[in-house]
Structure formats: C-alpha cells, structure tokens
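Working notes, beginning with the structure itself.
The values are calculated or read from the model by the stated rules, or taken from the named source; none is laboratory data. Here the structure is a predicted model, which is why all the values come from computation and not from measurement. Neighbour counts are summed over all protein chains in view; Cβ atoms, including those assigned to glycine, are modelled from backbone coordinates with ideal geometry.
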Amino acid sequence: QRYKEKMKRLKKNEKDTEDQTDEEDSESSSTVDVGQISKQIINEENKGVTQTDGNSGILKATPEKQNAIEPLNPIIDLKMTRAKLLLSLIRGPKVYAYIRRHDTVFPNNSLEYVSETMLTVMNGCRAIAYNRSLLSGTNFMMLAKFVASYYVIAIGMRTAGRIFNPEYRRFANTLSEAHLHDRNARTQLLRYDYELFAAPVDFQARREPRKYFETSGRFTTTGNILYTTLRDCLSYNIAYTFARVLVYPGSAALLNKLIQSFLIENRRKLVVEKVRVFVVKGATRGVLMTREGNKVDTMFVDRRKQGGNGDILVITCEGNAGFYETGIMPTPLTLNYSVLGWNQPGFGESTGMPTPKQTVASIDVVIQYAVHKLGFPEDQIVIYAWSIGGFPATWAAANYPNIKALILDATFDDLLPLAEAKMPKSWAPLVEFIVRTYFDMPIALQLASYHGPVTLIRRTQDEMIITAEGTDEERLATNRANNLLKSLLRARHPDLVNSHSELAVDIWLSATPLERISMAKDCPTMSVVDNVENLTEQKRNSLIYCLCSKYLVDFDSSHNTPLDVSLFTIPSK
C-alpha cells in the first residue's frame, strides 16, 4: 500500500510538472538543452523544429513544434542503460590481456577466474561426451538439466565478477561505444586483446563476381540409392570429425587452447615490443567480415612512410597449422615490406571452419581490405604462401590477375595424391570421394589461370608433401612441387612442354645446382620462347631448363623451417 501511494504521488507530481511546462511553452519559446533536444527530435526532419540562437549557440524549439517535443523520463533511460550494461557483462567477450609494453595482465577477480575455468572444463567434457557417444537417449534429459544448471551458475558467477571489476566495466563501455562507430572508442579498443566474436567490424566484403574452380571427379549419383546414401553419410561424418583436423590441425579446438597464451604474447610482441613496427610502421589489428558471415583476424604492418620496399604490400597465407602470430610474416618484414597477415577460418580468433569455400571467402575479403581500406593498388600487392596456403593464394591470383607477383613456398599441386599416400590403399575410393567433395584444392588448376610473375620454392628435404619414402633422391622425386612446376609449364608453354618433353623437366629437377648452371647457361630470348616450332631437340631442352630456372628455386631445408631471407625475391615478367 505504501508503494502504491508513493507511485500515485510520483505520477501526480509528474503530471503537475508537465502541465506547468505546457503553460510556460504557450507563453514563450523555452530554451532547451542541446543534449535533450538531440534525444527528443532524433527522428524529425529538422524542418521548422529547431532554431539556433546565433549569440548563445543554444537550440530553441519553435512555438509551432513545442507541443511535439515530449520530455524523456530519466528513470526509464537509466533503466535502459543499466540493462544494456548488464547484457554486455553477461554476453561480453573474455579479455586476454592489455596490448602495451608493461603490466599486460588484465585484472580478473576470483569469481571470473573460477567461472572461466568452469566453462573451459565443460567445453572439454562436452567434446569427450560427443566423441564417446555418451549423449544417449536414456540419460539425455538428466544431462541436459545438469548442463543447464552448470552453465547458469558459471555465467552468473562470471557476470557477478565482471560487475565488481571496474576494468572490465570500462572495457565493456568502450566496446559498446565502438559498435556505435565512435572513432575514439575504436582507438582505445586496440589496447585490449580479447575474443573477436564481439569485436566491431572494420571492413565488410563486397559481393562481386568471382571465378571458382573444382576438379572434375568420377563420382556421380548412381541408381543405387542405398549405396549413395550410405556413402554420403559416412563421408560426411568422416570429413567433419577427424578428416578436417587431419587436413587443418590448426583449427582443432584443443590445439588453439594449448597455444593460446603463446599467440597472445606474440601478438603483443608484434605490436608493442618492436618499437620500429609499432611507432614507425604502425601495426594495426583489423576485423573483417566475409560474404559467409565469418570474422577474419588480421594484422597489418605499414611501412610506406619508410619508402623503399614499404610501398609494396605482402599478403601472407599460412599453412595448415600456421598462424600469423607465429608464421611467415617475419621474412618479408625483415626486408622492410609492408605486410598483411591473416588467420584462416577456425584458426586463432578467426571464426568459421576451414572449408574451401570459407577459405577463399577469407582471402577475398583480405585483398578487398588491402585495396579499398588500406589503399594499396592491386599491382603493388604480392601474395606469399606457404604449404596449404597455396590454395587460397592461387585462387586469389586467378581472381586478381593484376597483382604484382605470387610466391609459393613448399606448395603442392593437389591434395588427393598426398591423402592417398597417407591412407590405406583399400580406402582409396572413399578417400577420393571425401577429398573431391569436401576438401577439393585444385591448386594447379588455379595457378594455370594466373599469367603474372610467379616463383615456386621447392624444399629438397621436405617430409610433408612427398608421396613415397626412401632415399633422399626418391623422396625428392615424389615432391609434389615437381608436379606443380610441370603443370605451370604446360599451361604457359603448351607448344614447348608436353607429355613427351617432360623428361627434360625431370632431368633438371634431379640435377645439382652446378649442373643446372651449365644446363641453362645459354638462355634464349623471349622471341624464341614464343616461336619454338623450328627448334632442335637440344635447343628445346635448353629452353625448358631456362624456364625451370625461372619458375622454381630449391631450398635445402625441411618443410617447417622458416624461409631464408635471401630466397625471398619478387619475380618479374
């Protein structure tokens, strides 16, 4: 009853205040605060609604529009603000650390620590239960109740911890303002390393026509519906359970969790500790949105102000277990190029799953970001890829033919031969169907559609992209970079290189560096390359040796060794 009486008195006072305001408005124009008017007439067309006092700079409501302005209720506005803050504390991302030189640890209280540990443990238990088929119908309801209660307790504890954490409240407020396109808030947000699922998007992909490639397969829909159904179901489950992790181990949740602290520290080092990178070159982290709706985590190092190689942008494409924090970015950085690194879908803080479709969508938005947001001309962009990164790199080269150059390090021509070499021979039909359906990577086909400068780097001790074990010579002979070179020569010089003349390519690939110098000492001019019909067999072979020397470089190393800086040279036409 006392509560009802207080509410009646409050409503009566508000009514008296409104009546008094209406009487004052009818007598003269009332001066209204600028902040209140901006809230009250935000949807008006500003046609006769307000006038500006030139002397005071105060906005005044015109007499004919005064009655249209309704005073806001500060109690409701305060409740809405608190509700938004509470929602941001409940759903907000985890903050890993500050990005600064010292005192990088983001303060967490005991409630936050315990709740985050509970959520991490539950995620691991959920994965184990799924893999061991513990989620059966008999105990499903009991597990559902337990899991729901568990999550409510954990999220409630985390929210309470964040409420009592002034640093997190400050971060949540900055994040909310950044989503409202506040430039100052976005600048402040760069000081935090946090989960990027809640980050504001810096650039969104434009929908433009693109070329897509696929390898022609021998599998078609058969009349046997039972066989087709079983094959499709089995291949789907294999592809999205262990096959995806075998092809892209960097997307495994366990691996990401184990190396998370390492990635966080390397991001901080890339931005902060290298003073010349942060101050002079301006390392910037960007969040991009693909056509598929995934967020791509990128890091851009700008060296254009230094001149020299800084005007050339090198876009890196990492391997199947590579991250831009720990990958191939240091090689072009050492040579003072501007560099843009990115993580594939499911790697690090990038969202999504590393399927061929989502991967090419990621490299597409990265190049659009480089051209339209960072301001690099397409002819000043070099794409540098390592291992399986050759798949998005060659797709990008085929769709952006005006790029300056393409460098492929330890890259293969097709995934299928490598998959068949690692799996039992009895599984060959199933392996082929899974690869062609879910992990088709026609690198050689995509490279054939690119006609610009390209360099292939073959690692002579590579243990990953070979199809047979044995002596060093036998392993080198089955390196799939050999097949990629042959495919490139056939595509660019069909009159010179064919199935009959590939023996000359094999001879050059197996030769020592000294032998190659003597084999390609008299390289003909480009006019001879364009007219090979009247050449003798010896001159044809000599020309093939010269072309092999132009396109391929050997690196005496294993698959995972960082590339020697002396081998990173941008090819010319």
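If I filter the stretch 368-384 for residues that are more than 22 Å from ARG303 (Cα to Cα) and out of contact with any Lys or Arg (no Cβ under 7 Å at 6 or more places or on another chain), do I get at least one hit? I'd like the intermediate steps shown before the answer.
Filtering the stretch 368-384 down to residues more than 22 Å from ARG303 (Cα to Cα) leaves none.
There is no residue in the stretch 368-384 that is more than 22 Å from ARG303 (Cα to Cα) and out of contact with any Lys or Arg (no Cβ under 7 Å at 6 or more places or on another chain).
Consider SER176 against the criteria (1) of a type outside the set (D, E, K, R); (2) exposed (fewer than 12 other Cβ atoms within 10 Å of the Cβ); (3) over 26 Å from ILE363 (Cβ atoms): it satisfies all of them except one. Which criterion is unmet?
That leaves (2) as the condition not met.
Considering only the stretch 444-462, state which residues are part of a helix (DSSP H, G or I) and either aliphatic (A, V, I, L, M) or at pLDDT below 95 (or both). Give the derivation first.
At the first step, the residues of the stretch 444-462 found to be part of a helix (DSSP H, G or I) are 444-448.
Correct list: ALA444, LEU445, LEU447, ALA448.
Is there any pair linking a residue in the stretch 224-242 that is part of a helix (DSSP H, G or I) to one that is β-branched (Val, Ile, Thr) and at pLDDT 85 or above, with Cβ under 8 Å and at least six apart or on different chains, and which?
SER235/ILE434; SER235/THR437; ILE238/ILE434; ALA239/ILE434; ALA239/THR437
Scanning for something over 16 Å from the mean Cα position of the chain (by Cα) and either more than 26 Å from LEU255 (Cβ to Cβ) or assigned to a helix (DSSP H, G or I) (or both), does the stretch 383-391 turn up at least one residue?
Yes, the stretch 383-391 contains a residue that is over 16 Å from the mean Cα position of the chain (by Cα) and either more than 26 Å from LEU255 (Cβ to Cβ) or assigned to a helix (DSSP H, G or I) (or both).
If I ask for residues that are modelled with pLDDT under 90, surrounded by 10 or more Cβ atoms within 10 Å (Cβ to Cβ) and within 30 Å of the chain's Cα centre (by Cα), which ones from the stretch 199-233 would you list?
GLU214, THR215, GLY217, ASP232
What helices (runs of 4 or more DSSP H), lying completely within the stretch 463-573, carry at least 1 residues that are over 30 Å from ASN402 (Cβ atoms) and of a type outside the set (Phe, Trp, Tyr)? Step through it out loud before you land on a result.
Numbers: elements: 472-477, 480-492, 502-510, 513-519, 526-530, 537-551.
Here the list reads 472-477, 502-510, 513-519, 537-551.
Restricted to the stretch 234-250, and to residues that are hydroxyl-bearing (Ser, Thr, Tyr) and at pLDDT 90 or above, which residue is nearest to PHE391 (Cα to Cα)? Let's see the steps before the verdict.
Within the stretch 234-250, the subset hydroxyl-bearing (Ser, Thr, Tyr) is 235-236, 240-241, 248.
Checking the rest, the ones that are also at pLDDT 90 or above come to 235-236, 248.
Details: SER235: 22, TYR236: 22, TYR248: 13 Å.
Out of the qualifying residues, it is TYR248.
In the stretch 538-573, which residues are loosely packed, with under 15 Cβ neighbours inside 10 Å, more than 24 Å from GLU502 (Cβ to Cβ) and out of contact with any Phe, Trp or Tyr (no Cβ under 7 Å at 6 or more places or on another chain)? First the steps, then the outcome.
First pass over the stretch 538-573, keeping only residues loosely packed, with under 15 Cβ neighbours inside 10 Å: 538-539, 556, 558, 561-562, 564-566, 569, 572-573.
Now drop any that are not more than 24 Å from GLU502 (Cβ to Cβ), which leaves 556, 558, 561-562, 564-566, 569, 572-573.
Selection gives ASP556, SER558, THR561, PRO562, VAL565, SER566, THR569, SER572, LYS573.
If only one of ALA511, ALA481 is more than 30 Å from ILE381 (Cβ to Cβ), among the aliphatic types (A, V, I, L, M) and surrounded by 12 or more Cβ atoms within 10 Å (Cβ to Cβ), which one is it? Give the steps one after another, and end with the answer.
On the way: ALA481 fails: more than 30 Å from ILE381 (Cβ to Cβ).
The match here is ALA511.
Among the candidates SER88, SER110, SER115, which residue alone is exposed (fewer than 12 other Cβ atoms within 10 Å of the Cβ), at pLDDT 70 or above and within 16 Å of GLY156 (Cβ to Cβ)? Spell out how you get there, then give the answer.
Values: SER88 fails: exposed (fewer than 12 other Cβ atoms within 10 Å of the Cβ); SER115 fails: exposed (fewer than 12 other Cβ atoms within 10 Å of the Cβ).
Step by step, each of SER88, SER110, SER115 is checked, and only SER110 is exposed (fewer than 12 other Cβ atoms within 10 Å of the Cβ), at pLDDT 70 or above and within 16 Å of GLY156 (Cβ to Cβ).
Only one residue in SER449, SER426 is within 18 Å of PHE242 (Cβ to Cβ) and of a type in the set (S, T, N, Q). Which one?
Numbers: SER449 fails: within 18 Å of PHE242 (Cβ to Cβ).
So the residue among SER449, SER426 that is within 18 Å of PHE242 (Cβ to Cβ) and of a type in the set (S, T, N, Q) is SER426.
Determine if the stretch 479-496 includes at least one residue that is without any contact (Cβ under 8 Å) to a residue 24 or more places away in the chain, touching a helix residue (DSSP H, G or I) at 6+ places or on another chain (Cβ under 9 Å) and within 17 Å of SER387 (Cα to Cα).
Yes - at least one qualifying residue is present in the stretch 479-496.
Do you know which residues across the stretch 553-567 are without any contact (Cβ under 8 Å) to a residue 24 or more places away in the chain and of a type in the set (Asp, Glu)?
Within the stretch 553-567, just ASP564 meets the criteria.
Would you mention how many residues in the stretch 162-207 are part of a helix (DSSP H, G or I), under 17 Å from MET299 (Cα atoms) and of a type in the set (A, V, I, L, M, F, W, C)?
The qualifying residues number 3.
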